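What follows draws every value from the coordinates through simple rules; no lab data is involved. Keep in mind the model is a prediction, meaning the values are calculated, not measured. All Cβ positions, glycine included, derive from the backbone under ideal geometry; neighbour counts span all protein chains shown.
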């Protein structure tokens, strides 16, 4: 049983990884190759090519190492429906008693048209 965890791996990939790590724990030359050139070391041990676009890294156990995978960047584009709701040139606002914090107390329901 391995003493590490990799999320998202199927059983075949986990077995491949276990094989690679086990060999690296016993074979210093393979271990060096695994650290220096992980894709070629995996190919040599398992016959499996790591797909393009997949980065894999092995590091020596020399203290803390944390890798955080960031989510995809959110699009800042405005959807067509959002654009339609703000486009058109005229806007209606509630003319209320507001302080500088945009906390408004409305004691009347008067609206005023603002032309942009």
Problem set entry | Net lengthening on full extension, residue 59/residue 80 (0.36 nm per residue, minus Cα-Cα) | 2.9 nm
Problem set entry | Highest-first arrangement of 59-68, 34-43, 20-29, 75-84, where packing means the average Cβ count within 10 Å | 34-43, 20-29, 75-84, 59-68
For this session: Determine the gain in length on full extension of the stretch residue 19-residue 39; use 0.36 nm per residue of separation and subtract their C-alpha separation, reporting nm with one decimal.
Result: 5.8 nm
